[in-house]
Amino acid sequence: MNAKHLLLPLTIVLALPALSQARPVSFTTELSPYKGDGAYVALYLTDAAGKYKQTLWIAGKKSKYYKHLADWARGSGMKPAEYDGMTGASVSSGTTLKLTLEVADALIDAGYQVHIDTAVEDKRDNRSEVVVPLTTDGAGKPTAGKGYVKSFTYSF
Amino acid sequence: MLRQLHSLPGLVAALLVAVMALTGAILATDPAQQRLHAVIPADGEMSVADLAGNVAQYYPGVEQIQRAPSGAIIVYFRSGDTSGADLIDPLSGQAITAYETPAFMRWMKNLHRSFFLDTEGRIATGSGAALMLLLAITGALMLADRAGGWRNALGPIRGTTAQRLHGMLGRAALLGLLLSALTGLYMSAGSLGLIPEALEAEPEFPPEEPLAAPLPTHTLAALKAIDLNDLRELVYPYPGDPADYYSVRTDQGAGFVHASSGEMIAFEAHSSARKIYEFIYMLHTGEGLWWLGLLLGLAALTVPVLAVTGTQIWWKRRSGMPTLAHNTPADAADTLILVGSEGNTTWGFARTLHDALTQAGYRVHTAPMNTLASGYRAAKRMLILTATYGDGGPPASATEFLAKLRRFNRTPELRYAVLGFGDRQFPRFCQYALDVDAALLGQGCTPLCPLDMIDRQSPQEFARWGRNLGDVIGTSLQLEHNPERPHTRPMQLAERVEYGADTDTPTTVFRFTAAAPTQKSGILSRLRLRYRLPYFEAGDLVGILPPGSHVPRFYSLASSSKEGILEICVRKHTDGLCSGYLHNLKPGDCIDAFIRPNPEFRPASGKAPVILIGAGTGIGPLAGFIKHNTPHHPMYLYWGGRNPQSDFLYQSELQHYLEDKRLTKLNTAFSRSADSAYVQDRINADNEELRKLIQNGAQILVCGGREMAKGVREVIDDIIAPINASVQMLKAEGRYREDVY
């Protein structure tokens, strides 16, 4: 549990014991200026068929609201082990969430996709509002989300 | 103790709780507003499948359907690149309006539950709820305590305007505030994690399996089986995912619906803990129970008024007590000085005694008699300084003393002394001091020195008592009391109306206004055009200091400060220092006067009939009550004078009040007329009607001389004896009040 507090600088090493090689990836998620409270945001990886693989980050501290991040909730089963140590504050309207995470090389250019689910109290939930393949080519190219995400970019 | 438990948290919480209550009251309108816009089919009229069919016609890109607790149906949809949410009519599937929680309400909600401060804010609002609960409970206890028991708690409330407003609003809002505070506290405890939060049923996602071709939503069997009014949320399968299910939440539980077979899978019922949580949530927010929301909102609206009036009451009580240097806490004091004071004169003596004893090294605790605790650990001496109010009654700061004394546990070493203050001119001189002394003896307490009495605030007699006390306790006590001149204001005689000017005891109605500042006034006073009249109501007293006297004379007021005049009715006594002074005043002359509130002597709130009885100049405050009876509550006046030709005070005014129904009935008796009757005779003649009025909750206010008041008590006792009532009982209920002189 203490790890949570240490992770505020937003640098995370994904624990993937089988894979030795990893590199830092920056994920930049800019929210549009919607009217409402802070958004819960789930960043996670799926395989090419959309099957859940790995949680990257959950913005939003109260796990009782996680069910609104519907696709992520379904894939991860909302098991604390899936997101322990990977959570932070919710993201306010119009602000940008910047994360730098260690991602295993084996997950890059290997058909995996970054998904983003978002939810805001008393507003719509957006499941997989961003779906982009995690590839070297895709780095630095912004993608617009279908809900609260104005643009999403990752770079190595 | 109870009062401290009420007023201290009240002062601390006033602003906090007022903000929470105001925002709560605004939020409380939301369920009713939502309900106004919602179209709600009857139970059993529509299934979720029917709704999905209607929705499909207008929203091919539907993603999610929600049913708010108000019954409003909201459709979240996407068409092309745009997404939106509409409030719809479930019967047609058509949009009523675009849906969005108004920013204003969202802002209010955040202010209400957390002051925009998340966890810290939630701790603050949770504490606010706890304080509100404490205030509601102690407030109710005080109300019952004041009224003399729960049975009388719904009776009329007396006191100053602030006290009456505080009591009446608090009483009316009590249940609502209790409910809001209790449920709010529960919700705070839940969101702060102090009690486990009961979550909705959260069934596991069923394993994915390849599906056959999906069926249209409105044909799915599981959705046909759910009544629309049980629905909370229906989430459609993700368009790009053929293996996805519908997920559905209802009032009963949550589950998934197979898109091709239409079967419900993995349904899980809500736990009973969750159902309790939802019930409490509903009670707090009024969501799904709009009328309760409105009632709670109304109750919450009283809170800012309660906060303001409560602070006023506290301030008034505080400023009424002199500040005492070195007032030892009650439990640590070896000497207690308990004060029974109506105005503040007795407090002045108490302070002199307090200072002298403190100087001599005693640890002294000085407090109003009403604060008598059930016991004092270290006290060896209890010195009681008390005035007497009216006809042998307790003064304002001692009204609860005798009742509390019955529960008092004396320590064996405690000795007491009672010092009464009064005026020997009146019968029953220092009667209340005598009663207190007798009650203490009756409790088995041991006197330190015998009861003593001070006539007309005599500093010499007080010093003599001090020497006696000093001898007994073995300390030399020099009590030098310099009576403080009351803080007076100048008032200017505007008008005098004379009755019986040719007799040797004429009666005059004096009308004063605030005096214009003179050259002698300070700069600040001259900046204003006029002095303002202090606040007072009819029935309060004005203290007037005749030149060269430090002892004020009190007269009952016939007007309220709202009218801009101060009116008294004074009979000239042959040797009267003050009445003679007043009768020599000419319009334009100024007097020095101050106000002493007399909140007990006032018509109670409510519609119960009021019987006003008076003689002579006692008509003054009674005429004032009638003048202000603009709501036209039934008011009966019995008044006795001497001579109908020279002595009929307020004759034209009373005629006028009768005509416009402010006065229901007027009965006069004149002792020096043909039938030579007294007011008691008129009362006796109407005995049946009066008995009926009293039986129906009438209140009686008597103003005038002692003899008259005694005669009236006797005749009223006779009248109500057949219904097993007595003046004593009416007095205990606060329904019989006297202002006698």
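The values are calculated or read from the model by the stated rules, or taken from the named source; none is laboratory data. Every value quoted in this text rests on a predicted model; they were computed, and no experiment measured them. Backbone-built Cβ (ideal geometry, glycine too); neighbour counts: all protein chains shown.
Within region A:139-152, work out how many residues are touching a residue at least 12 places away in the same chain (Cβ under 8 Å), surrounded by fewer than 17 Cβ atoms within 10 Å (Cβ to Cβ), more than 14 Å from every other protein chain (Cβ to nearest Cβ) and at negative phi.
3
Taking A:VAL41 as meeting all but one of (1) crowded, with 20+ Cβ neighbours inside 10 Å; (2) within 12 Å of another protein chain (Cβ to nearest Cβ); (3) closer than 26 Å to B:ARG106 by Cα, write down the number of the exception.
(2)
For (1) modelled with pLDDT under 90; (2) of a type in the set (Ser, Thr, Tyr); (3) closer than 21 Å to B:GLY139 by Cα; (4) part of a helix (DSSP H, G or I), each residue gets a yes or a no:
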| site | (1), (2), (3), (4) |
| --- | --- |
| B:ILE280 | no, no, no, yes |
| B:GLY297 | no, no, yes, yes |
| B:ALA300 | no, no, yes, yes |
| B:ILE313 | yes, no, yes, yes |
| B:LYS316 | yes, no, yes, yes |
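May I ask you to list the residues in region B:708-741 that are under 16 Å from B:ARG682 (Cβ atoms) and either of a type outside the set (Val, Ile, Thr) or within 27 Å of the chain's Cα centre (by Cα) (or both)?
B:MET708, B:ALA709, B:GLY711, B:ARG713, B:GLU714, B:ASP718
So which residues in region B:264-286 are more than 37 Å from the chain's Cα centre (by Cα), surrounded by 17 or more Cβ atoms within 10 Å (Cβ to Cβ) and without any contact (Cβ under 8 Å) to a residue 60 or more places away in the chain, if there are any at all?
B:MET264
Does region B:128-149 hold any residues that are touching a residue at least 40 places away in the same chain (Cβ under 8 Å) and of a type outside the set (A, V, I, L, M), and which are they?
Residues satisfying the conditions are B:GLY128, B:THR138, B:GLY139, B:ASP145, B:GLY148.
Would you list the strands (runs of 3 or more DSSP E) that sit entirely within region A:45-128 and hold 2 or more residues that are more than 9 Å from every other protein chain (Cβ to nearest Cβ), in contact (Cβ under 8 Å) with a residue 60 or more places away in the chain and closer than 15 Å to A:LEU31 by Cα?
A:96-104, A:113-119
Here are some residues: B:LEU306, B:LEU295, B:LEU289, B:LEU301. Which one is assigned by TED's automatic domain parsing to the domain that holds B:THR160, more than 28 Å from the chain's Cα centre (by Cα) and within 24 Å of B:LEU179 (Cα to Cα)?
Just one listed residue meets the conditions, B:LEU289.
Kindly evaluate B:LEU133 against the criterion of being within 27 Å of B:SER191 (Cα to Cα), more than 14 Å from chain A (Cβ to nearest Cβ) and within 45 Å of the chain's Cα centre (by Cα).
The answer is yes for B:LEU133.
Just the residues that are touching a strand residue (DSSP E or B) at 6+ places or on another chain (Cβ under 9 Å), hydroxyl-bearing (Ser, Thr, Tyr) and either within 11 Å of chain A (Cβ to nearest Cβ) or on the phi > 0 side of the Ramachandran plot (or both), please, taken from region B:58-104.
The answer is B:TYR76, B:SER83, B:TYR99.
Here is a list: B:LEU434, B:LEU414. Which entry is crowded, with 17+ Cβ neighbours inside 10 Å and touching a residue at least 24 places away in the same chain (Cβ under 8 Å)?
The unique qualifying residue is B:LEU414.
Taking the conditions exactly as written (more than 14 Å from chain A (Cβ to nearest Cβ), surrounded by 17 or more Cβ atoms within 10 Å (Cβ to Cβ) and basic (Lys, Arg)), does B:ARG113 satisfy them or not?
So B:ARG113 does not fit the description; no.
For region B:219-256, give me each residue that is polar (S, T, N, Q) and within 12 Å of chain A (Cβ to nearest Cβ).
Passing the criteria: only B:SER247.
Identify all residues within region B:699-731 that are under 20 Å from B:CYS569 (Cβ atoms) and free of Cβ contacts under 8 Å to residues at least 60 places away in the same chain; write none if there are none.
B:GLU707
Mind telling me which of the residues B:ASP43, B:ASP50 ends up being part of a loop (DSSP other than H, G, I, E, B), closer than 28 Å to B:MET282 by Cβ, away from chain A (no Cβ under 13 Å) and touching a residue at least 40 places away in the same chain (Cβ under 8 Å)?
It is B:ASP43.
Which condition number in (1) out of contact with any helix residue (DSSP H, G or I) (no Cβ under 8 Å at 6 or more places or on another chain); (2) crowded, with 21+ Cβ neighbours inside 10 Å is the one that B:ALA332 fails?
(2)
Condition (residue is without any contact (Cβ under 8 Å) to a residue 40 or more places away in the chain and outside the structural domain of B:GLY375 (by TED's automatic domain parsing)) applied to region B:9-25: is it met by at least one residue?
Checked against the condition, which is being without any contact (Cβ under 8 Å) to a residue 40 or more places away in the chain and outside the structural domain of B:GLY375 (by TED's automatic domain parsing), region B:9-25 yields no hits at all.
Against the condition under 23 Å from B:PRO203 (Cα atoms) and either charged (D, E, K, R) or at pLDDT 90 or above (or both), how does A:LYS141 come out, does it pass?
Against the criterion (under 23 Å from B:PRO203 (Cα atoms) and either charged (D, E, K, R) or at pLDDT 90 or above (or both)), A:LYS141 does not qualify.
One line per residue, one yes/no per condition, for (1) under 46 Å from the mean Cα position of the chain (by Cα); (2) surrounded by fewer than 19 Cβ atoms within 10 Å (Cβ to Cβ):
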position: B:LEU36; (1), (2): yes, yes
position: B:VAL39; (1), (2): yes, yes
position: B:SER79; (1), (2): no, yes
position: B:SER83; (1), (2): no, yes
position: B:GLY93; (1), (2): no, no
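State whether one or more residues within region B:299-317 are crowded, with 18+ Cβ neighbours inside 10 Å and within 14 Å of another protein chain (Cβ to nearest Cβ).
no
Keeping to region B:56-67, report how many residues are buried (at least 19 other Cβ atoms within 10 Å of the Cβ) and in contact with a helix residue (DSSP H, G or I) (Cβ under 8 Å, 6 or more places away or on another chain).
3
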